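The values are calculated or read from the model by the stated rules, or taken from the named source; none is laboratory data. If you're wondering where the values come from, they're calculated on a predicted model, not measured in any experiment. Neighbour counts run over all protein chains shown; Cβ positions are idealised from the backbone, glycine included.
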């Protein structure tokens, strides 16, 4: 049930992306804008080692008709339906390159009925910024910065 609510949010956002002229996929969770792929990974939870391997890999599957091809994702957003463990955010924040490519959205408060989303986004992705604007404007969600980023890391060095 939690994942279906998060999937619904992403599906409606992807519909709004088409109005901007961005290419979206019906079956995969990516958006192509300005010749860059912005990948969305909708997930309940992930083991930190798996998370690290995936964010370092940067691969994105693109379906074209009956065939598939692999592209490099310029940016990846992780949409968590459950609060991610802090070591997941530490992986991103401890590596400036990852911080510029990977965003984390904790949708669990929103899914539980609160109009709040915890964000960690220091990317230059115009698609992810549009996603945040969609949450604010269309769903009336208040975005809160992830607390771990202000506790341990100097964000000015990361961003």
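How many residues, within region 3-26, are assigned to a loop (DSSP other than H, G, I, E, B) and touching a strand residue (DSSP E or B) at 6+ places or on another chain (Cβ under 6 Å)? Total meeting the criteria: 1. Working only within region 84-110, note down all residues that are in contact (Cβ under 8 Å) with a residue 24 or more places away in the chain and over 14 Å from the mean Cα position of the chain (by Cα). Listed by number, the residues that qualify are 85, 86, 87, 90, 91, 93, 94, 96, 110.
Within region 27-41, can one find any residue that is modelled with pLDDT under 90 and more than 21 Å from residue 120 (Cα to Cα)?
Checked region 27-41: at least one residue is modelled with pLDDT under 90 and more than 21 Å from residue 120 (Cα to Cα).
Starting from residues that are touching a strand residue (DSSP E or B) at 6+ places or on another chain (Cβ under 8 Å) and in a helix (DSSP H, G or I), keep the ones in region 74-109 and report whichever is farthest from residue 39 (Cα to Cα). Among residues in region 74-109 that are touching a strand residue (DSSP E or B) at 6+ places or on another chain (Cβ under 8 Å) and in a helix (DSSP H, G or I), the one farthest from residue 39 (Cα to Cα) is 109. Of the residues making up region 42-70, those that are touching a strand residue (DSSP E or B) at 6+ places or on another chain (Cβ under 8 Å), outside any strand (DSSP E or B) and modelled with pLDDT under 90 number 1. Between 104, 91, the distinction of being at pLDDT 90 or above and buried (at least 22 other Cβ atoms within 10 Å of the Cβ) belongs to 104 only.
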